[in-house]
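Notes follow the structure.
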Amino acid sequence: MSRSEIIKKLRKKNPELNTSELEIVVDTFSESIGDALRENKKVILKGFGTFFVKKLNERRSARNPKTGEIIYVPEKNRVRFKTSKKLKKFINE
């Protein structure tokens, strides 16, 4: 589902809000999640799931598959998502 589809669904459920206000709501929501993850905080959406940052350790001996050259892979942060039991149950019905 794209950003515009989310805004259209919100518009149907909340006809008193105009599109620009709904865009601000969606943008603020996504920025808030991004800011919290940047600060290494968990984002818990009850009934939906949890977004969290996982640190991947550096690898000293990875290989470039094209050339076979040994390369250094630095430490990285990755965003992970764990679904709630309620969402898993809903999807698997």
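The values are calculated or read from the model by the stated rules, or taken from the named source; none is laboratory data. If you're wondering where the values come from, they're calculated on a predicted model, not measured in any experiment. Please note: Cβ atoms are built from the backbone with ideal geometry, for glycine as well, and neighbour counts cover all protein chains shown.
Quick notes on this one:
- With respect to the stated conditions, S32 is closer than 19 Å to S2 by Cα and either surrounded by 11 or more Cβ atoms within 10 Å (Cβ to Cβ) or in the same structural domain as S2 (by TED's automatic domain parsing) (or both).
- The set of residues in the range 64-93 that are part of a strand (DSSP E or B) and either in the same structural domain as L37 (by TED's automatic domain parsing) or within 22 Å of the chain's Cα centre (by Cα) (or both) comprises K76, N77, R78, V79, R80, F81, K82, T83.
- Meeting the requirement of 1 or more residues that are among the polar types (S, T, N, Q), within 13 Å of the chain's Cα centre (by Cα) and on the phi < 0 side of the Ramachandran plot, the strands (runs of 3 or more DSSP E) wholly within the range 22-63 are 49-56.
- Here K54 does not qualify as touching a Gly at 6+ places or on another chain (Cβ under 8 Å), surrounded by fewer than 13 Cβ atoms within 10 Å (Cβ to Cβ) and in contact (Cβ under 8 Å) with a residue 24 or more places away in the chain.
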